[in-house]
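The values are calculated or read from the model by the stated rules, or taken from the named source; none is laboratory data. All figures in this text were calculated on a predicted structure; none of them were measured in a lab. Note that we place each Cβ from the backbone using ideal geometry, even for glycine, and neighbour counts take in every protein chain shown. These accessible areas exclude ligands, DNA and RNA; they are computed on the full protein's heavy atoms, side chains included. Shrake-Rupley method; radii C 1.70, N 1.55, O 1.52, S 1.80 Å.
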Amino acid sequence: MIRIGEFEIKSRLIVGTGKYATFALMKEALEATGADMVTVAVRRVNLNNPNEESLLDYLDRKHWTLLPNTAGCYTAQDAIRTAQLGREAGLSNLVKLEVLGDERTLLPDTEALLEATKVLVKDGFTVMPYTNDDPIMAKKLQDAGAACVMPLASAIGSGQGILNPIQIRFVQEAVSVPVIVDAGVGTASDAAVAMELGVDGILMNTAIAAADDPVKMARAMRLAVEAGRLAYEAGRMPKKEYASPSSPTTQISKPQSVGA
């Protein structure tokens with residue numbers, strides 16, 4: 001279980017709702033992940049016409065905790081306004097805060113991110129900021145009141161996996177709030193590697209939605225997150241330079257010669 005501010009979620013896998021071919025396929029894949037928190041881009045929700053079909057029609061709020069996000073925002077002011085619009089529309093005072101700095105890499109503008117975090121925390125939001133894998137910035141976001149930090153594994157939608165595992169460890173050491181890897185996971189082995197580092201959870205979208213079979217990939221990700229967490233809790237064996245026999249040879253008596 002992860003506690004994020006006043007919210008508690010049982011699954012360590014948080015999933016997005018974008019890029020699916022149909023809303024029905026999205027719902028089936030989300031159910032297969034076992035997640036109980038799903039992120040929704042405020043800008044994708046038609047707030048002006050509640051009668052028009054929306055992805056919200058497919059999300060049972062008794063089953064899933066909605067995590068509105070500020071995807072597509074490039075300034076602190078735009079992200080703040082988007083979060084406030086989502087709350088006024090009845091989505092949540094929980095927000096995955098994204099303030100992007102570059103259209104090609106979609107890397108965060110951490111200076112603007114920190115500014116927006118401070119404003120939204122004061123405004124009563126539970127802020128979950130998408131940030132880079134910098135432990136210094138992670139600590140600043142925590143000190144600004146962020147309920148967790150969400151360092152990228154690699155660029156959004158790149159599927160490159162965990163490029164800098166040591167940086168993720170540095171982030172974990174720098175903060176006491178939950179660390180949730182966000183962006184870059186491409187397949188189940190990436191998810192397992194991330195969880196084996198000891199992070200509290202993973203947020204993903206494209207890895208599932210862009211798979212040839214999103215529902216099967218959703219199941220794979222669920223199992224990978226569970227397996228990675230179990231492996232972390234179990235504690236892996238130490239790596240050794242040379243071989244070590246699987247069957248112990250101590251306490252085994254040597255065979256006696258014939259006729260002895």
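The table below lists the values:
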item	result
Only one of A224, A211, A207 that is without any contact (Cβ under 8 Å) to a residue 12 or more places away in the chain and either open to solvent by less than 10 Å² (accessible area, probe 1.4 Å) or on the phi < 0 side of the Ramachandran plot (or both)	A211
T70 being surrounded by 23 or more Cβ atoms within 10 Å (Cβ to Cβ) and within 18 Å of A41 (Cβ to Cβ)	yes
Residue that is surrounded by the most Cβ atoms within 10 Å (Cβ to Cβ), among those in the range 74-113 that are more than 17 Å from D182 (Cα to Cα) and touching a strand residue (DSSP E or B) at 6+ places or on another chain (Cβ under 8 Å)	A79
Near pairs, Cβ below 8 angstrom, 6+ apart or cross-chain, from the range 165-179 (of a type in the set (F, W, Y)) to any residue that is open to solvent by less than 50 Å² (accessible area, probe 1.4 Å) and in a helix (DSSP H, G or I)	F170/P135
Tally of residues being of a type in the set (G, A, S) and either under 19 Å from S54 (Cβ atoms) or in a strand (DSSP E or B) (or both) across the range 74-102	5
Residue check for A35: over 22 Å from V175 (Cα atoms), modelled with pLDDT of 95 or more and within 14 Å of the chain's Cα centre (by Cα)	yes
Test set (1) over 21 Å from V215 (Cα atoms); (2) modelled with pLDDT under 95; (3) of a type outside the set (D, E) - K19 fails condition number	(1)
Residues of the range 227-238 satisfying the condition of being assigned to a helix (DSSP H, G or I) and in contact (Cβ under 8 Å) with a residue 24 or more places away in the chain	A227, G228, R229, A231, Y232
Residues satisfying the stated conditions in the range 12-30, i.e. free of Cβ contacts under 8 Å to residues at least 60 places away in the same chain and either assigned to a loop (DSSP other than H, G, I, E, B) or within 25 Å of V199 (Cβ to Cβ) (or both)	A21, T22
